[in-house]
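The values are calculated or read from the model by the stated rules, or taken from the named source; none is laboratory data. This one's a predicted model, so the numbers in the text were calculated from it and none came from an experiment. Reconstructed Cβ throughout: ideal geometry from the backbone, glycine too, with neighbour counts over all protein chains shown.
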């Protein structure tokens with residue numbers, strides 16, 4: 001890892017934190033997409049739902065998805081997860097999180113997280129995926145906090161509504177809110193992401209780095225004076241996650257599916 005990638009010490013009066021995007025920054029895959037197969041196997045979604053989402057993805061890739069189509073797709077996905085049993089979702093996550101996620105964590109990200117912890121910095125994983133996808137991964141990494149999307153739950157079932165959508169400007173708002181609660185100095189803090197849609201998150205801190213950036217993100221980084229890193233070594237982690245507590249299920253993997261099939265498509269369209 002280059003010296004430029006190493007976080008530095010700051011005055012003792014400052015309390016920095018390091019904010020890491022998850023997909024394609026810490027892990028070399030989409031955390032949301034990874035759960036589509038076990039969701040099919042568990043009867044939560046059908047192959048037809050995957051095909052419909054794949055078609056929507058195609059529209060985004062060729063630039064033919066307008067705002068109305070995007071909103072209709074989002075409404076479809078909200079109706080899709082409505083009524084899912086929270087306990088069943090929890091069981092699927094508990095059974096598959098290590099198999100689906102552990103082998104894809106970037107060694108460079110692990111090293112950076114260790115560097116930040118060695119300097120006394122809190123590490124925060126920030127993701128548009130649902131809390132129950134993000135929290136067990138963050139636990140493996142030893143993260144101190146998680147900022148993720150939260151789904152509404154009533155009577156142990158998903159309503160299909162989103163309590164908080166941790167995406168775009170909302171990521172920056174979540175970071176500022178956490179900084180106020182924890183006493184972080186954002187000017188002394190760090191952020192890492194692969195996506196142009198995370199520009200607000202990167203702009204919220206004093207030390208921003210883009211990871212494996214595409215052309216649009218490289219251009220933004222150059223304009224903003226952000227550093228650029230290249231991660232290329234996915235490694236398998238040893239299982240170290242405790243079983244997910246029941247309370248942690250609120251908000252859940254359901255939004256991870258929605259986040260992948262909607263947010264991921266939108267992000268790629270923005271990158272094009």
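Could you list all residues from region 157-175 that are modelled with pLDDT of 90 or more and within 17 Å of residue 80 (Cα to Cα)?
Passing the criteria: 157, 159.
Condition first: surrounded by fewer than 17 Cβ atoms within 10 Å (Cβ to Cβ), in a strand (DSSP E or B) and touching a helix residue (DSSP H, G or I) at 6+ places or on another chain (Cβ under 9 Å). Now tell me which residues in region 160-183 satisfy that.
The one that is surrounded by fewer than 17 Cβ atoms within 10 Å (Cβ to Cβ), in a strand (DSSP E or B) and touching a helix residue (DSSP H, G or I) at 6+ places or on another chain (Cβ under 9 Å): 161.
Which numbered condition trips up residue 17, out of (1) at pLDDT below 75; (2) in contact with a strand residue (DSSP E or B) (Cβ under 8 Å, 6 or more places away or on another chain)?
Evaluating residue 17 over (1) at pLDDT below 75; (2) in contact with a strand residue (DSSP E or B) (Cβ under 8 Å, 6 or more places away or on another chain) leaves (1) as the failure.
Report those helices (runs of 4 or more DSSP H) wholly inside region 65-134 carrying at least 2 residues which are within 21 Å of residue 28 (Cβ to Cβ), touching a strand residue (DSSP E or B) at 6+ places or on another chain (Cβ under 6 Å) and modelled with pLDDT of 85 or more.
Helices (runs of 4 or more DSSP H) meeting the threshold: 107-118.
Tell me, which residue of region 190-227 that is in a loop (DSSP other than H, G, I, E, B) and under 19 Å from residue 128 (Cα atoms) is modelled with the lowest pLDDT?
Restricting to residues being in a loop (DSSP other than H, G, I, E, B) and under 19 Å from residue 128 (Cα atoms), the top hit is 195.
In a strand (DSSP E or B) and over 21 Å from residue 33 (Cβ atoms), is that true of residue 146?
no
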